[in-house]
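A.B. asks: The structure that follows is given in the form of structure tokens.
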Amino acid sequence: NPAHGSSCTSAMSWIRPFHPDKLIEFLHSIPRIGADGTFPATTVTRDSSYWIGAALIPSVIVTVSLLTVIFLCCRLCCCRKRVRPAVAGKPPSWWGLVIFVCLTLAVISLAGLQYFRFVAPGVSDAGTYVDKAHFISVQGKTAADQLDADGNTLTKLFQDLNSTCSEKVPQAAQYLKDAAAGVSEYVAQMDGYTDSIQGLPAQINKAKPVANALRTWIAVGVAAPFAACSFLCVCVVLACTLGFMTCGAVTCEKLLLTAGIWVTLLTVVLAAALGAVALGFATVSGDYCEDASGNSVGLVTSAFGSNSTFADLSNYYLLGNGSNVLLVALVQGNESVTSFADDLEQAKPSLQQQCPQWSRFAEVDAAVSRVHSSIGSLNGLLSGESVYPLLSGVEHSFCNKVLVGLAWIVMVQLVVSLVVLPPFTLTASYFLARRRALAESQAAAGYPHDVLVMVDRSRGAPLVAG
């Protein structure tokens, strides 16, 4: 019966091809040294060359960010900004800083948008599939518990029949002995498979903390640079506001800009480091998602062994290869129970006549009926048509949603840390140098230190404000 997993060809009917997003293919194509981008599913803990190759580009990014910060620090601390005499007496413009603030907010907000567009829904969808799988596993555990109980009941009934009637019905003694031993063997065999089914809810529950941790760490990776950039923007906005309100007569704006500059340097390192870590994770995940089902089977095989039940099940459910060992065993057990019940039904007239004190045939029929019902329930719950959509749903949610969002976030963070913030630092530094030059020109002209002199460009005459 194909529904029971006895036909490999029919088992393929529920398999649907997985098409990774173009971003996944891009991540998979990122070059690395000493590795070809093939995810080492079966040797994931032993293939050091793959991990070294995957860490190459993230390491370069962190190195570049550190060199950038060192360059900026040297520029800020060791090189005094020179202001041309033609502009030394003119107040600096805020527009450069405002433009960089708007650009920074726009770019970092894009990361937040991608998080809520891809990552959060992807993790939520994956959690939904895990919850559905847990619900099915609980139903399977209930059916397996019932199957165990009914199997034990059948064992006791046949043992009681053997001990009560074997001496009184000599011609049926061998049958009774074989039937009692056969049912006992069947129940012992089923216990091994029902134990695997009964342990499924606990195994699935372990996946929930992993999903929650993934969502938390990705949120931290988005929130940390966003918070730092937001603080930077607040510093600039407050400094700009104070500058316009007081006509530059207070020094708080300078303190705020200076704080913003150093926060920028920290943000460059923070965003680049988080982006590099996320890029490494995304690169490895991109390799995994290029063949998600095959790599999942490889990981299970590596963890539990190629001859384990879990390896056989992952091959069956995800790739449609082999047979479902759980369902095959249950079907065989169901056939054994049916055979014992049919033989007992044939021997029933003789046993009732020669061993009238044993009258528990109705209990045997009821137990056999319950065994059939439990096995039928497990058949439906554990079929490929029921399980595969849940497994493929988790793969799709992670690969084509969470990982796609993470890839966008990585690109945004790298743009912020290596493209947007370093020029902002230089712009803010030049702005402060202009302010310092203006203050020096005011002091040389004999104006008080708390008065801003602005130049009337139409006449070249000074206008005293404050």
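A.B. asks: Scan segment 317-341 for residues that are under 28 Å from the mean Cα position of the chain (by Cα) and surrounded by 21 or more Cβ atoms within 10 Å (Cβ to Cβ) and jot them down.
C.D. replies: Tyr317, Leu318, Asn324
Quick grid of which residues meet (1) within 30 Å of Arg215 (Cα to Cα); (2) open to solvent by 50 Å² or more (accessible area, probe 1.4 Å):
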{"site": "Ala106", "(1), (2)": "yes, yes"}
{"site": "Gln114", "(1), (2)": "yes, no"}
{"site": "Ala126", "(1), (2)": "yes, no"}
{"site": "Tyr129", "(1), (2)": "yes, yes"}
{"site": "Val138", "(1), (2)": "yes, yes"}
{"site": "Lys141", "(1), (2)": "yes, yes"}
{"site": "Thr164", "(1), (2)": "no, no"}
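A.B. asks: Filter segment 197-208 down to the residues that are of a type in the set (S, T, N, Q) and more than 9 Å from Ala144 (Cβ to Cβ) and list them by number.
C.D. replies: Hits for segment 197-208 are Gln203, Asn205.
A.B. asks: Find all pairs meeting these conditions: Cβ atoms under 6 angstrom apart; at least six residues apart or on different chains; first residue within segment 320-349 and of a type in the set (S, T, N, Q); second residue part of a helix (DSSP H, G or I).
C.D. replies: Asn321/Asn315; Asn324/Tyr316; Asn334/Ile375; Ser336/Tyr186
A.B. asks: Looking at (1) within 26 Å of Ser230 (Cα to Cα); (2) open to solvent by 20 Å² or more (accessible area, probe 1.4 Å); (3) in contact with a helix residue (DSSP H, G or I) (Cβ under 6 Å, 6 or more places away or on another chain), find the lone condition where Ala271 falls short.
C.D. replies: (2)
A.B. asks: Something else: For the subset of segment 299-316 comprising residues that are touching a Phe, Trp or Tyr at 6+ places or on another chain (Cβ under 9 Å) and among the aromatic types (Phe, Trp, Tyr), which member is least open to solvent (accessible area, probe 1.4 Å)?
C.D. replies: Here the answer is Phe310.
A.B. asks: Name the residues in segment 385-428 that are farther than 24 Å from Gly122 by Cα and open to solvent by less than 20 Å² (accessible area, probe 1.4 Å), would you?
C.D. replies: Once the filter is applied, which keeps residues that are farther than 24 Å from Gly122 by Cα and open to solvent by less than 20 Å² (accessible area, probe 1.4 Å), segment 385-428 yields Val416, Ser417, Val420, Leu421, Pro422, Phe424, Thr425, Ala428.
A.B. asks: Could I ask something else about it? If a residue has to be among the hydrophobic types (A, V, I, L, M, F, W, C), at pLDDT below 80 and open to solvent by 60 Å² or more (accessible area, probe 1.4 Å) to count, how many in segment 83-101 make the cut?
C.D. replies: Total meeting the criteria: 2.
A.B. asks: Report those helices (runs of 4 or more DSSP H) wholly inside segment 168-279 carrying at least 1 residues which are of a type outside the set (A, V, I, L, M) and modelled with pLDDT of 80 or more.
C.D. replies: 173-198, 200-205
A.B. asks: Which of the residues spanning segment 368-384 are within 13 Å of Ile136 (Cα to Cα) and open to solvent by 10 Å² or more (accessible area, probe 1.4 Å)?
C.D. replies: Selection gives Ser377, Asn379, Gly380, Leu381, Leu382, Ser383.
A.B. asks: With the condition kept exactly as written, say whether any residue in segment 16-33 is closer than 24 Å to Leu270 by Cα, in contact with a Leu (Cβ under 6 Å, 6 or more places away or on another chain), open to solvent by less than 90 Å² (accessible area, probe 1.4 Å) and modelled with pLDDT of 75 or more.
C.D. replies: no
A.B. asks: Please determine whether any residue of segment 445-463 is of a type in the set (Ser, Thr, Tyr) and either modelled with pLDDT of 80 or more or open to solvent by less than 70 Å² (accessible area, probe 1.4 Å) (or both).
C.D. replies: Taking every residue of segment 445-463 in turn, none turns out to be of a type in the set (Ser, Thr, Tyr) and either modelled with pLDDT of 80 or more or open to solvent by less than 70 Å² (accessible area, probe 1.4 Å) (or both).
The values are calculated or read from the model by the stated rules, or taken from the named source; none is laboratory data. These figures come from a predicted structure and were not determined experimentally. Note that each Cβ is placed from the backbone with ideal geometry, even for glycine, and that neighbours are counted across all protein chains shown. With ligands, DNA and RNA removed, areas are computed over all heavy atoms of the protein, side chains included. Shrake-Rupley method; radii C 1.70, N 1.55, O 1.52, S 1.80 Å.
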